[in-house]
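Chemist: I am attaching a structure below and will ask some questions about it afterwards.
Every read-out reported here was derived from the displayed coordinates using simple, explicitly stated rules and does not represent laboratory data. Since this is a predicted model, take the numbers as computed values, not measurements. Here the Cβ positions follow ideal geometry from the backbone for every residue, glycine too, while neighbour counts run over all protein chains shown.
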Amino acid sequence: MDKKEILRNSYIFGSLTAKEIDAVAAISEEKKYKAASVIFKEGEKAEKLYLLVSGKVSIEMDVSSKEKVSVMTEAKPGGEFGWSALIDPHMHVVSARAAVDSTILCVDTKALDNLIAKDYYMGYVIMRGVAKLSAESTRNARLQLIHTHYGA
């Protein structure tokens, strides 16, 4: 898949116009991560939004100084993670690690902020996508918590 197709298949950018997708693609770059590579760590400053192109990413949370728990695995092309970069205080609340060799589209959120400053409606559409993604993540976290607690 090319950059534009990945963006069109995402919650956050999927409702943008073709011209807006082109603008976001221009501020994005593909990066390759080897299996077990850390993409970002919990507590770090969040400056990029990530979309999976290929592979699989484990989203992990620190539960102690020595233990991490995988709270989600992203395997769908276009799946977003690291969206804390779009929301104050712009700090990662989880870590992300490549579970297998993966290709990831990285969107520079400072450049995205500049695009949004020129087109507030585009910002509205993007944040509506963030709200959908947030709701989906909350629902999945609740289901995982129920499964973990009750074994259902």
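Chemist: Please report the net charge: other residues with Cβ closer than 12 Å to the Cβ of residue 90, K and R +1, D and E -1.
Modeler: -1
Chemist: Work out, step by step, the length gained on full extension between residue 45 and residue 68: first 0.36 nm times the residue separation, then minus their alpha carbon distance; give nm to one decimal.
Modeler: Gain on stretching residue 45 to residue 68: 6.4 nm.
Chemist: What angle, in degrees between 0 and 90 and rounded to the nearest 10, separates the Cα long axis of helix 109-118 from the longest principal axis of the Cα atoms of the chain?
Modeler: 40
Chemist: Modelled label-to-label distance, residue 54 and residue 119, 7 Å Cα→beta-carbon offset: nm?
Modeler: Here the modelled spin labels are 2.9 nm apart.
Chemist: Continuing with the same structure: Would you work out the relative contact order for the chain, in percent, from Cα pairs under 8 angstrom that are 6 or more residues apart?
Modeler: On the way: 287 pairs, mean separation 48.9, N = 152.
Reported relative contact order: 32 percent.
Chemist: Using only the Cα atoms of region 3-150, build the gyration tensor, take square roots of its eigenvalues as a ≥ b ≥ c, and label the shape rounded, prolate or oblate: rounded if a/c is under 1.5, else prolate if a/b is larger than b/c, else oblate. The partial results should precede the final answer.
Modeler: Values: a/c = 1.76, a/b = 1.52, b/c = 1.16.
Prolate, because a/c is 1.5 or more and a/b exceeds b/c.
Chemist: Further question: May I ask you to list the trypsin sites (Lys or Arg not before Pro) in region 33-69 that are in a DSSP loop and have at most 15 other Cβ atoms within 10 Å of their Cβ?
Modeler: 34, 41, 66
Chemist: When a/c is below 1.5 the answer is rounded, else prolate if a/b is larger than b/c, else oblate, so apply that to region 1-70 with a ≥ b ≥ c taken from the square roots of the Cα gyration tensor eigenvalues. Walk me through the intermediate numbers first.
Modeler: Details: a/c = 2.56, a/b = 2.19, b/c = 1.17.
Prolate.
Chemist: On to the next question. Would you please name the GluC sites (Glu not before Pro) within region 52-151 that are DSSP coil residues with at most 11 other C-beta atoms within 10 Å of their C-beta? Don't skip to the end; give the middle numbers.
Modeler: Details: sites: 60, 67, 74, 80, 136; in loops: 67.
Loop-located and lightly packed - 67.
Chemist: Which of the residue pairs 4/132; 48/118; 48/76; 56/118; 4/34; 110/132 have a Cα-Cα distance greater than 26 Å in the structure shown?
Modeler: Values: 4/132 20 Å; 48/118 19 Å; 48/76 19 Å; 56/118 34 Å; 4/34 23 Å; 110/132 22 Å.
Exceeds cut-off: 56/118.
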